[in-house]
Amino acid sequence: MIGRSRLIGRAGVGAFTLALLYPLAALFAPVGGWDWSPQVAGPSIDSVRTSIVLSALAMVIVVAIGTPVALYLARCARRERVWWQAALLASILLPPLALGILLSIAFGPAAPFGAALAHIGVGTTNTATAFVATQVYVSIGYYVLGAVAAFEGVPRALEAQAALLGHAPFDVFRRITFPLARLGLAVALSIAWVRAIGELGAVLITAYHPSGMAVQLWVNLQSFGLPAVMPLLVIFLAATLPLPWLAHVLAQRRARA
Amino acid sequence: MLDAHVVRRRDAFTVDVALQVERGGALALFGVSGAGKSTVLSCIAGLETPDRGHVRLDELTLFPPSLPLHRRPVGYLTQEANLFPHLTVEQNVRFALDGERDSPWLDELRDRLRLHAIWKAGATRISGGQARRVAMARMLARRPQLVLLDEPFTGLDRHLVRGLLDDLLAWHAALGFTLVVVDHQPAILERLTRRALVVEDGRVVQDGTWEALRATPATPLLRDLLAPL
């Protein structure tokens, strides 16, 4: 039999969860017939393609750069790690709009690096390159911090044992470190994915074109109102939610196993 | 032959221990907990780097410079079995045998260490005693030249300890590895080695057979450690 205090606790958590999920009820709000006319659908579908393809590319870069960085941070001396993590936190804590402005200046033609990029034909504003670079900037800090925690969870003694059994460092990573950290890495990647694909403030400044879903939602809202927003909003949620949700559920299940 | 001189600074004192063990021989490092025995073993294994000294195994120099772990022909067992939790028992043992698919050697290890019943089980699904046997099989699978044991019998009942000691002695005779073993229980060490190095506060205070240690213990602490309860 469930005790009274347990019942009260459960009711409280239930009320909290309902309040947390309440915004989703807006999907069923009477905003009028959803607008999926050609002038809404065309740019919206383009934005879905842009977001999915370029965000996936950004994630490849985030993983390729962030994973070795996270591994180093997880294995370096604690005192050293504090300084590196302070720098990572600074990148995470920058308000997105401020980051967008800083990126557009730092990579713009007025700055030496931006000028050098322009000289070799790399456009840093309103291009796919700018879109991907911005997404990498807004999400890599989240990935690295999550990946550091995942790698820290792998006992060093297991890696040492694997090495003493004759396996070179990369093989130890491939066969021991990565499999044991993979769920934590998946969670870190899913957070980075949500952060990147949902980014509006920074992307609005650096890459209004090609428009991703976040920017297009804003454009649809401004130009056509709520009925034009709702279909793209559903696609937006479908593209962002399942991956992190699944990663978290799997991580929880593994933690209980 | 193992020829080692390990100097390693610790908070309370500096560990400074020199030892030599003939090829295929066995040596015990004996002393109270915290005397520096495990530090010596860890430095020989390569998990810690000595501040000074040398470690040589036959013609191979392990330190200095520090040889990477995967190039050391060393087996290392501690009180933690350190099995890879995402692998089965078989995969754990096979891990040390890359390239050998259906090796008779693997079968021999499985059968002689009585792992048949748990061979396909997940490494997290077996008991502590079984885990130590699996760890031993995995260590032996690579046929190490040098085996380092750091209290691998801690927390096991007498029956299990006796079984593991019998297994270890049999494999020592069969494979001819050099053995260095650390423990604070003389009864365990005496079964594995004839000779012991007594370490107190990071220094060797006596080197001799167990009979000699009992007959003329060099320090009151050693006398106390060897006295019956």
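The values are calculated or read from the model by the stated rules, or taken from the named source; none is laboratory data. The structure displayed is predicted, hence computed values, not measured ones. Methodologically, a virtual Cβ is constructed for each residue, glycine included, from the backbone with ideal geometry; neighbour enumeration extends over all protein chains shown.
As an exercise: evaluate A:Phe151 against (1) hydrophobic (A, V, I, L, M, F, W, C); (2) part of a helix (DSSP H, G or I); (3) within 14 Å of chain B (Cβ to nearest Cβ); (4) surrounded by 19 or more Cβ atoms within 10 Å (Cβ to Cβ) and give the number of the one condition it does not meet.
A:Phe151 satisfies all of (1) hydrophobic (A, V, I, L, M, F, W, C); (2) part of a helix (DSSP H, G or I); (3) within 14 Å of chain B (Cβ to nearest Cβ); (4) surrounded by 19 or more Cβ atoms within 10 Å (Cβ to Cβ) except (3).
Taking helices (runs of 4 or more DSSP H) that do not extend beyond the stretch A:167-257, which have at least 2 residues that are of a type in the set (Lys, Arg)?
A:178-197, A:242-256
Within the stretch B:21-44, which residues are in a loop (DSSP other than H, G, I, E, B) and buried (at least 24 other Cβ atoms within 10 Å of the Cβ)?
Within the stretch B:21-44, B:Gly31, B:Ala35, B:Gly36 qualify.
Restricting the search to the stretch A:165-191, which residues are within 14 Å of A:Val144 (Cα to Cα), within 12 Å of chain B (Cβ to nearest Cβ) and touching a His at 6+ places or on another chain (Cβ under 7 Å)?
Matches in the stretch A:165-191: none.
Do you know which residues across the stretch B:129-145 are part of a helix (DSSP H, G or I) and either at pLDDT below 90 or within 14 Å of chain A (Cβ to nearest Cβ) (or both)?
Residues satisfying the conditions are B:Gly129, B:Ala131, B:Arg132, B:Val134, B:Ala135, B:Met136, B:Ala137, B:Arg138, B:Met139, B:Leu140, B:Ala141.
In this structure, is A:Val194 within 14 Å of chain B (Cβ to nearest Cβ) and either touching an Asp or Glu at 6+ places or on another chain (Cβ under 9 Å) or within 30 Å of A:Pro30 (Cα to Cα) (or both)?
It is false that A:Val194 is within 14 Å of chain B (Cβ to nearest Cβ) and either touching an Asp or Glu at 6+ places or on another chain (Cβ under 9 Å) or within 30 Å of A:Pro30 (Cα to Cα) (or both).
I'd like the residue in the stretch B:111-149 that is surrounded by 19 or more Cβ atoms within 10 Å (Cβ to Cβ) and charged (D, E, K, R) and, out of all such residues, is farthest from B:Ala174 (Cα to Cα).
The residue in question is B:Arg132.
Is there any pair with a first residue in the stretch A:132-148 that is within 14 Å of A:Leu57 (Cβ to Cβ) and a second that is among the aromatic types (Phe, Trp, Tyr) whose Cβ atoms are under 9 Å apart and which are 6 or more apart or on different chains, and what are they?
These pairs meet every condition: A:Ala133/A:Phe107; A:Ser139/A:Trp193.
Do we find a residue being within 30 Å of A:Thr129 (Cβ to Cβ), of a type outside the set (Phe, Trp, Tyr) and crowded, with 21+ Cβ neighbours inside 10 Å anywhere in the stretch A:232-243?
Yes, some residue in the stretch A:232-243 is within 30 Å of A:Thr129 (Cβ to Cβ), of a type outside the set (Phe, Trp, Tyr) and crowded, with 21+ Cβ neighbours inside 10 Å.
Considering only the stretch B:196-218, I want to know if a residue exists there that is crowded, with 16+ Cβ neighbours inside 10 Å, within 15 Å of the chain's Cα centre (by Cα) and not β-branched (Val, Ile, Thr).
yes
Conditions tested, residue by residue: (1) in contact with a helix residue (DSSP H, G or I) (Cβ under 8 Å, 6 or more places away or on another chain); (2) in contact (Cβ under 8 Å) with a residue 60 or more places away in the chain.
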position: B:Ala12; (1), (2): no, yes
position: B:Gly25; (1), (2): no, yes
position: B:Val32; (1), (2): yes, yes
position: B:Ala45; (1), (2): yes, yes
position: B:Glu48; (1), (2): yes, no
position: B:Asp58; (1), (2): no, yes
position: B:His70; (1), (2): yes, no
position: B:Pro73; (1), (2): no, yes
position: B:Val89; (1), (2): yes, no
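Under the condition of being touching a residue at least 24 places away in the same chain (Cβ under 8 Å) and surrounded by fewer than 16 Cβ atoms within 10 Å (Cβ to Cβ), which residue from the stretch A:202-224 is farthest from the chain's Cα centre (by Cα)?
Residue satisfying both the conditions and the ranking: A:Phe224.
Taking B:Ala81, is it within 30 Å of B:Val7 (Cα to Cα), surrounded by fewer than 22 Cβ atoms within 10 Å (Cβ to Cβ), of a type in the set (A, V, I, L, M, F, W, C) and touching a helix residue (DSSP H, G or I) at 6+ places or on another chain (Cβ under 7 Å)?
yes
Residues are listed down the side, and each one gets a yes or a no for (1) aliphatic (A, V, I, L, M); (2) modelled with pLDDT of 95 or more; (3) assigned to a helix (DSSP H, G or I); (4) out of contact with any Gly (no Cβ under 9 Å at 6 or more places or on another chain):
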| residue | (1), (2), (3), (4) |
| --- | --- |
| A:Thr17 | no, yes, yes, yes |
| A:Leu27 | yes, no, yes, yes |
| A:Pro30 | no, no, no, yes |
| A:Gly33 | no, no, no, yes |
| A:Leu54 | yes, yes, yes, no |
| A:Ile65 | yes, yes, yes, yes |
| A:Pro68 | no, yes, yes, yes |
| A:Tyr72 | no, yes, yes, yes |
| A:Arg79 | no, no, yes, yes |
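Among the residues of the stretch B:80-94, how many are polar (S, T, N, Q), more than 8 Å from every other protein chain (Cβ to nearest Cβ) and touching a Leu at 6+ places or on another chain (Cβ under 9 Å)?
1
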